[in-house]
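To keep things clear, I will list the structure first and then write my remarks on it.
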Amino acid sequence: MGNHDTSERQQVLLKWLEEVVNEKTKRYIQERVIGQMEWYRKKSSNYKNSYQFWSTVSIILSGIIPVMSILADGSLIIKILIAALGATVTGIGAYLSLHSYKNTWEIYRSNREKLLSILYLYFNQAGIFGKELSQDDRDTMLIETCEKYFQQEVTDWKNINR
């Protein structure tokens, strides 16, 4: 999804946020939920860019190896370059695996989308935030749902990083 789509969604959220009457709930959504969503967006983008950069470098270097092997014809320098390129490609693969750029990018993106979904349900009085609830109950349910989600995320990260 491009920045344009993200910007439009952000504008919708901010418009909806203006309609929140309870100042405490409005601050919670703005500072805690939207703030966390923005953090996820930035981190996801950073991890995505790192993953794509190092993957591209690895692909290019991998493509150079067969071309250089044709030119090797007994040249020690070219054989050393081929070995160095192969080692670099292996190192990049290990680096990507160690830092889990792709997995972390996907997790952060998914987390942002989950929070966005919770807000959409809240602002549209749908799902667990249905119209049968009073606004105070909806506000309480929003905070409880988000905090439960944040707590689960911390638990998941602890389990992943063991």
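To the nearest 10 degrees, how steep is helix 135-160 against the longest Cα principal axis of the chain, on a 0 to 90 scale? It is inclined by approximately 30 degrees.
With θ taken as phi - 60° and the Karplus curve 6.51 cos²θ - 1.76 cosθ + 1.60 applied, the whole-hertz 3J(HN,Hα) list for segment 118-130 is 4, 5, 4, 4, 4, 5, 9, 6, 10, x, 5, 9, x Hz, x standing for glycine and proline. Scaling against 2.2 N^0.38 Å puts the C-alpha radius of gyration of the chain at 1.55.
The sum of -39500 (n - 2.57) across all DSSP H runs of n ≥ 4, divided by the residue count of the chain, sets its helix-only mean residue ellipticity at 222 nm to -28500 deg cm²/dmol. Computed over protein heavy atoms with a 1.4 Å probe, the accessible surface of the chain works out to 64 Å² per residue. Farthest towards the positive end of the charge dipole of the chain, among the residues S134, I70, V20, is the Cα of I70, using unit charges on the Cβ of Lys, Arg, Asp and Glu. May I ask for the distance between the Cα centers of segment 108-162 and segment 4-51, given as a whole number of Å? For segment 108-162 versus segment 4-51, the Cα centre distance is 13 Å. Backbone phi angles across segment 12-29, fed through the Karplus curve with coefficients 6.51, -1.76 and 1.60 (θ = phi - 60°), yield HN-Hα couplings of 4, 4, 5, 5, 4, 4, 4, 7, 6, 7, 6, 4, 5, 5, 4, 5, 4, 4 Hz in residue order; Gly and Pro are listed as x. Can you tell me the orientation of helix 76-99 relative to the chain, as the angle in degrees between its alpha-carbon axis and the longest Cα principal axis, to the nearest 10? The angle comes out at about 20 degrees. Counting only alpha carbon atoms, the long axis of helix 35-72 and the longest principal axis of the chain meet at about 10°. Would you be so kind as to identify which of T90, L116, M37 lies farthest towards the positive end of the dipole of the chain, taking Lys and Arg as +1 and Asp and Glu as -1 on Cβ and the Cα centre as origin? Of the listed residues, the answer is T90.
Pick from R41, R109, R32: which residue has the top mean-square fluctuation in a GNM of the chain where Cα pairs under 10 Å get a spring? Of R41, R109, R32, the most mobile in the Gaussian network model is R32.
The values are calculated or read from the model by the stated rules, or taken from the named source; none is laboratory data. Keep in mind it's a predicted model, so treat the numbers as computed, not measured. Reconstructed Cβ throughout: ideal geometry from the backbone, glycine too, with neighbour counts over all protein chains shown. Only protein heavy atoms, including side chains, enter the accessible area calculation; ligands, DNA and RNA are left aside. Shrake-Rupley method; radii C 1.70, N 1.55, O 1.52, S 1.80 Å.
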